[in-house]
Each structure stands twice: as C-alpha cells, then as structure tokens.
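Everything below concerns the one structure shown next.
The numbers here are math on the coordinates, done by the rules we state, and not lab data. A quick note: this is a predicted structure, and the numbers were derived from the prediction, not measured. Counting neighbours? That spans all protein chains shown, and the Cβs are built from the backbone with ideal geometry, glycine included.
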Amino acid sequence: MAVDMEKKLNQLVDRLKKAHGESLTSVILYGSAAAGDYDGKFSDLNILCVLKQVTPHELAASTPVVRWWHEQGNPSPLMLSDEEVRGATDCFAIEFHDIRERHRVLYGEDVVRNLEIDDSFYRAQVEYELRAKLLRLRHKAAEALADSGLLRSLMSDSVSTFCVLFRHALRLVGVEASFEKRAVIHQAQERFGISAAPFEKLLDLREDKIKPREVDPVPLLEEYMKQIQVVINAVDGLEK
C-alpha cells in the first residue's frame, strides 16, 4: 500500500510540475498520510498546492491534473497562492494548524514549517465547524431514518470529522491532543465529560470490528448527537 501511495504522489508532482512550471512554489502532503498513518480504505491523500498566483489560467492548467487525482479516489488539492498562505491563517486556523503539524514536502519550499498562525478567530472557527457539521448530520439523518444501512453509513462516515474537530476543541483548552481518533475521544471524555461509547461503536463499525446488524442506528444517533452538543457547549463557553 505504501508503494502504491508513493507512486501516486510522484505522479501527482510530475503532473503539477508540467502543468504549472515555474509558477509552482510547493506541493505538500498533509494529514494522516504525512504522519505514516495512511490506510487505503479510510485515508485521503490531502495535498496543498501553492502557486505564485491562482488565476483562471492556473485553474485551467490544473483541470486535467485534478480530474486525474479525483479518479484515484482523492479530494481536490487545496490550491493557494503564496500570498494566501501568508495572509489567510486567521480564517483557516484549523486547516493551517493541521497542515503545519503533520506535513511532508513533496516538491519545492516548506512554506508552512515556520508559518505564524493567527488564532484570532480560532475558537469561533472550531465552534462554527462543529455546529455546521452537526446541522449537516441532522439534515442527512432526517432523510435516512427509514434506511438503517444508510443511517449507519452516515454516522460512521462523519465520526472522523468530529474526531478532528474535538482535537481542535481540546487544543483550545490547552490539552496536547492526540492525532489518533480513539485517543482524542478519550481525551474529550476526560476534559469535556462526554461519553466515549457512541464514538467507539462507530469507529468499531467503520473498522469492521462489529457487524452492522449489531448496531441499532436510531438510539445511537440520539446519543451521538447529544455528545457532540456537549463539546459544542464547552467551546461556546470559552472566553471570546
């Protein structure tokens, strides 16, 4: 699997270099794959592509590369200009913290290693993302309540995102949060008083440690949303 990942990354860099030439400042892998925690079943290959500028010309040049990258099962590269990397840390504090802490330079400059991240709106961004993801979960669940399989999938697909946001909630209260999902949940249990049970069950389901028929999705959804709200309330209560 690691060999396959490296092959894909090398191909991506080659394609980006051909597409953008001297306009390409750097290509950076971030997230679990950059930390050696890549799982082909669950993990995405998250890429930051930094260009001298991002205009319709650059977007057109990147179109075939992005299309090919999607065909490999990966999300679109995050395309930013040099100026945006330096100036957008206040409104993208979550993303830049994640990138700075776990990244690997595939090409060019390491533009994030010494990046000063402006945390002015960090708390607000964490709360916003938690609330937005909970609202999305509710809306999707309303459409899936009659379909147990779909409801289970909806929750198991979302648990990774909430683990990430819980990690940032923990950072806000001074906890050195883990990047490992189960460890984050237990840290949140200790710091915020949540129950780890619904998250553990969804991670077990996601990792095929339990069978779908062993999970009654509607009561699980109720408890899952309840615990997410506990963390939202804790973040909302922090000094603004």
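Rounded if a/c is under 1.5, else prolate if a/b is larger than b/c, else oblate: which is the stretch 129-230, with a ≥ b ≥ c the root eigenvalues of its Cα gyration tensor?
The shape class here is prolate.
Do me a favour and compute the ellipsoid semi-axes for the chain from its Cα gyration tensor, root of five times each eigenvalue, largest one first, whole Å.
Computed over the chain, the values are 33, 22, 16 Å.
What is the order of ASP147, ASP98, fewest Cβ neighbours within 10 Å to most?
In order of increasing Cβ crowding within 10 Å: ASP147, ASP98.
Using the alpha-carbon centroid of each, what span in Å lies between the stretch 65-136 and the stretch 194-238?
Taking the Cα centre of the stretch 194-238 as reference, the centre of the stretch 65-136 is 26 Å away.
Which value in deg cm²/dmol, rounded to the nearest 500, describes the helix-derived mean residue ellipticity at 222 nm for the chain, given -39,500 (n - 2.57) per DSSP H run of n ≥ 4 and division by the residue count?
Roughly -19000 deg cm²/dmol at 222 nm, from the helical runs in the chain.
Can you list residues whose amide H is under 5 Å from MET79's amide H, if they're 5+ apart or on another chain and H is modeled 1.01 Å from N?
Those lying under 5 Å, H to H, from MET79 are CYS49.
Under the rule that an exposed site lies in a DSSP loop and has at most 15 other Cβ atoms within 10 Å, name the longest stretch of the chain with no GluC sites (Glu not before Pro) of that kind, not counting the sites themselves.
1-108
Give the Rg (one decimal place) followed by the Dmax (whole number) of the stretch 22-111, computed from C-alpha coordinates and expressed in Å.
Both quantities, over Cα of the stretch 22-111: 13.1, 35 Å.
GNM on the chain, C-alpha springs below 10 Å: top fluctuator among LEU145, LEU203, LEU45?
LEU145
What is the helix-to-structure angle for 122-144, meaning the angle in degrees between its Cα long axis and the longest Cα principal axis of the chain, kept from 0 to 90 and rounded to the nearest 10?
With both axes taken from Cα atoms, the answer is about 60 degrees.
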